[in-house]
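Novice: Please read through the structure below; I'll follow up with questions.
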Amino acid sequence: MPNNSKTPLLDMVREPVDLRQLTDQQLPQLADELRTELIDAVSVTGGHLGAGLGVVELTVALHHVFDTPHDRIIWDVGHQCYPHKILTGRRDRIRTIRQEKGLSGFTKRKESDYDPFGAAHSSTSISAGLGMVEASRLAGVKRNVVSVIGDGSITAGMAYEAMNNSGGMDARQIVILNDNDMSIAPPTGAMSHYLARLVSGKTYRSLRETAKQLNKKLPEFIADKARKTEEYTRNFFSAGTMFEELGFYYVGPIDGHNLEAMLPVLRNVRDSEQGPILLHVRTEKGKGYGPAEQSDCKLHAVAKFDVVSGAQKKSVQNVPSYTKVFGQSLVQEAEQDDKIVGISAAMPGGTGIDIFGEAFPDRTYDVGIAEQHAVTFAAGMASEGYKPFCAIYSTFLQRGYDQIVHDVSIQQLPVRFPIDRAGFVGADGATHAGSFDVAYLACLPGFTVMAASDEAELKHMVATAAAYDEGPISFRYPRGEGVGVDMPERGSILEIGKGRIVKEGTKVALLSFGSRLQDSLAAARDLEQFGLSTTVADARFAKPLDTDLIERLAKEHELLITIEEGSTGGFGAMVLHHLASVGGLDNGLKIRTMTMPDLYMDQMSPARMIETAGLDKAGIVATALSALGEKAAANQHIVA
């Protein structure tokens, strides 16, 4: 914590140009004040805390050394950007972060010139940075481009594709590996810092370049020996061999909380005319805040909390979350079937696979931030007769789509895809919303696509997926708690492609797919007050469709409304396509499809997102009245 006897520095820093007026000796105090501000702000809003705490000194150092925003800094993943936002003119709004009409929890191009690239999914920074390097070169603009990538993010194949490309082009690109967990190579104190400073400096680089030129004039076998000796000597003290093979000049590791060690190295890297450089920085997630340092997850993501104790102010819920229901249900099925395995892409806790892992550690796999690999890994297991449940958030599953098509769908392998965070997710905004999975899976031949309308239905769908061996199958469910229905002891196997009638009526039919069932039932009660007898059905399946149910609803009702918490092109489109193909629209049926709006919605609470999208009870009622015309609308006074 900052020394209160000193003049506060953070108040003097409105933008990085102010920070660059400070001396190196003042920066530790500024970092202390920045850490305190970050803790206080996130205690008010909730959000990502641990990652930001870990990069406080690194953030200060980067903005002190580099000429931002002319020089570009890309944060990967963006949830470590809170200190960056405080230092780049947004301190006065930091307590609006992840709130409606407030700051995004990630970097966002529309928000600030200091956010050159929107990074909310991981492993993109090196590719984007290389693009910026080349664009600047072609434009004749000299600038530094720095990609700060976490040790989790760098596990993804895309990062290595970018490094391979950058090394092959000998691009003047700077990559900072923020290593806070993997322990690629632990720093060795003062010697490590000295070596990092030495090998990043101009003298060493000049000698190395001279040696390279000399090597060209030596006989090949001698030159090869000399090159290997130089490489071995340097890598004896470092973990750089792999990065060197990709064409990067490796420096490090250095202590990312030691400004005295970092600043000269960053200046050397900045002033180098070397091709791509990778600086390996070791940091501690949650650094400087006791409750975070003592937490297993380092308080990665938190609700509002008490600064003194670190206790989070989470509401007490008597209803289990969908994620927990999935995890517990999968354990039940696996107790009866030793072929079931669980797979996660770096999100075991977020998907419920951690629950499965506690029960069956030998049958649980966390492959890191590598969704493409996760999908094909699951396909390989399925090809050998196992039953993989590859649990990935809807928004992250997009990253493995080519593998879903080629490695799973074309081969009709029975991979099970539990899709968490389906629909609106609230404070993480558009980048994390589960918007498109129904559209991009239901178009694939032979794919079975389900959606749970409540936690009991989710339990049934886990059992159904476990028993299904005829091809790939998915089931989606939302973030948060269930709706409070009675839970069966164990899930029942559903008939594939069959929905259910929940409430019978005669005039209006509401056909819900997934999470909108409860609002559909509430809307039906309101419509009854208008004298509009309403049927409510739970589709359960987007593919295969329950065509008998759909055709019956179309024939027996004046109005059919499909409702889903997903994008256009999903369930409603499948229903329209079917009715058009069988002539179900020829009898004067009025039909409306209710989906997410055709835009990317910024962060707000999930309830506000549903309301804004018109997918709540009021929106459903309004859609029905509008479809039926002025006569029905004129009767609104009937509603109590």
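Novice: In terms of the Cα gyration tensor, with a ≥ b ≥ c the square roots of its eigenvalues, is the range 425-466 rounded because a/c is under 1.5, prolate because a/b exceeds b/c, or oblate?
Specialist: Verdict is oblate for the range 425-466.
Novice: With a cut-off of at most 15 other beta carbons within 10 Å, and DSSP calling the residue loop, which GluC sites (Glu not before Pro) in the range 430-520 qualify? Please list them.
Specialist: For GluC sites (Glu not before Pro) across the range 430-520 that sit outside H, G, I, E and B with at most 15 neighbouring Cβ atoms in 10 Å, the list reads E470, E489, E495, E504.
Novice: A follow-up question, please. Label-point separation (nm) for K498 and S626, each offset 7 Å from Cα along Cα-to-Cβ?
Specialist: So the two model labels end up 3.6 nm from each other.
Novice: Still on this structure, please answer the following. Just to confirm a number: summing +1 for Lys and Arg and -1 for Asp and Glu over residues other than A439 whose beta-carbon lies under 14 angstrom from that of A439, what do you get?
Specialist: It works out to a net charge of -2.
Novice: Suppose R0 equals 35 Å; then what is the FRET efficiency for L576 and K324 from their Cβ-Cβ distance, rounded to the nearest 0.05?
Specialist: With R0 = 35 Å, the Cβ-Cβ based efficiency is 0.50.
Novice: Once a ≥ b ≥ c are taken as the square roots of the eigenvalues of the Cα gyration tensor of the range 322-476, is the result rounded (a/c under 1.5), prolate (a/b larger than b/c) or oblate (a/b not larger than b/c)?
Specialist: In terms of gyration-tensor shape, rounded.
Novice: Return the whole-Å distance between the Cα centroid of the range 495-562 and the Cα centroid of the range 378-427.
Specialist: Answer, in whole Å: 29.
Novice: Send over the Kirkwood Rh of the chain, from the inverse of the averaged 1/r over different Cα pairs, rounded to one decimal Å.
Specialist: Evaluated over the chain, this radius sits at 27.0 Å.
Novice: From the helices alone, meaning DSSP H stretches of at least four residues, give me the mean residue ellipticity at 222 nm for the chain, per-run term -39500 (n - 2.57), in deg cm²/dmol to the nearest 500.
Specialist: -12000 deg cm²/dmol
Novice: Related question: Which GluC sites (Glu not before Pro) in the range 344-395 sit in a loop by DSSP (not H, G, I, E or B) and have at most 14 other Cβ atoms within 10 Å of their own Cβ?
Specialist: Sparse-neighbourhood loop GluC sites (Glu not before Pro): E384.
Novice: Now a separate question. Can you list residues whose amide H is under 5 Å from G423's amide H, if they're 5+ apart or on another chain and H is modeled 1.01 Å from N?
Specialist: Correct list: G434, S435.
Novice: Let me ask something else. Let's test the formula: R0 of 30 Å, r as the Cβ-Cβ distance of Q294 and D24. What FRET efficiency results, to the nearest 0.05?
Specialist: Efficiency, from the Cβ-Cβ distance: 0.45.
Novice: Please compute the length gained on full extension between R592 and S383, using 0.36 nm multiplied by the number of residues separating them and subtracting their Cα-Cα distance.
Specialist: 71.1 nm
Novice: May I pose another question? How big is the gap, in Å, between the Cα center of the range 5-64 and the Cα center of the range 117-180?
Specialist: When both Cα centres are located, 25 Å separates them.
Novice: What full-extension length gain, to one decimal in nm, is calculated for K314 and E260 as 0.36 nm per residue of separation minus the Cα-Cα distance?
Specialist: 15.5 nm
Novice: Charges at C-beta only: +1 for Lys and Arg, -1 for Asp and Glu. How large is the resulting dipole of the range 316-467 about its Cα centre, in Debye rounded to 20?
Specialist: Value, rounded to 20: 200 debye.
Novice: Moving to a separate point now. Cut-off 11 Å, label point 7 angstrom out along Cα-to-Cβ of H70: give me the residues of the range 125-146 whose amide nitrogen falls inside.
Specialist: 142-144
Novice: I need the phi-derived Karplus couplings for the range 421-432: 6.51 cos²θ - 1.76 cosθ + 1.60, θ = phi - 60°, integer Hz, Gly and Pro marked x.
Specialist: Values, residue by residue: 6, 7, x, 5, 10, x, 5, 7, x, 5, 5, 10 Hz.
Novice: Give me the distance in nm between label points sitting 7 Å out from Cα along the Cα-to-Cβ direction at A135 and R109, one decimal.
Specialist: Distance between label points: 0.6 nm.
Novice: What is the Cα radius of gyration of the range 294-340 over 2.2 N^0.38 Å, N being its residue count?
Specialist: 1.69
Novice: Using only Cα atoms, find the angle between the long axis of helix 56-65 and the longest principal axis of the chain, and express it within 0 to 90 degrees, rounded to the nearest 10.
Specialist: 60
Novice: Another question, then. Can you compute the equivalent ellipsoid semi-axes for the range 25-125, i.e. the square root of 5 times each eigenvalue of the Cα gyration tensor, sorted largest first and rounded to whole Å?
Specialist: Over the Cα atoms of the range 25-125, the ellipsoid semi-axes are 18, 18, 12 Å.
Novice: For the range 500-638, rounded, prolate or oblate, judged on the Cα gyration tensor with a ≥ b ≥ c (square roots of eigenvalues), a/c < 1.5 rounded, else prolate if a/b > b/c?
Specialist: oblate
Novice: Hey, if you drop one equal point scatterer on each alpha-carbon of the range 1-64 and run the Debye formula without solvent, what base-10 log of I(q)/I(0) do you get at q = 0.14, 0.19, 0.21 Å⁻¹?
Specialist: -0.39, -0.72, -0.86
Where a number appears in this text, it was derived from the coordinates with a stated rule and is not lab data. Everything quoted here is computed from the prediction, not taken from an experiment. Ideal geometry is used to build each Cβ from the backbone, glycine not excepted, and the neighbour counts take in all protein chains shown.
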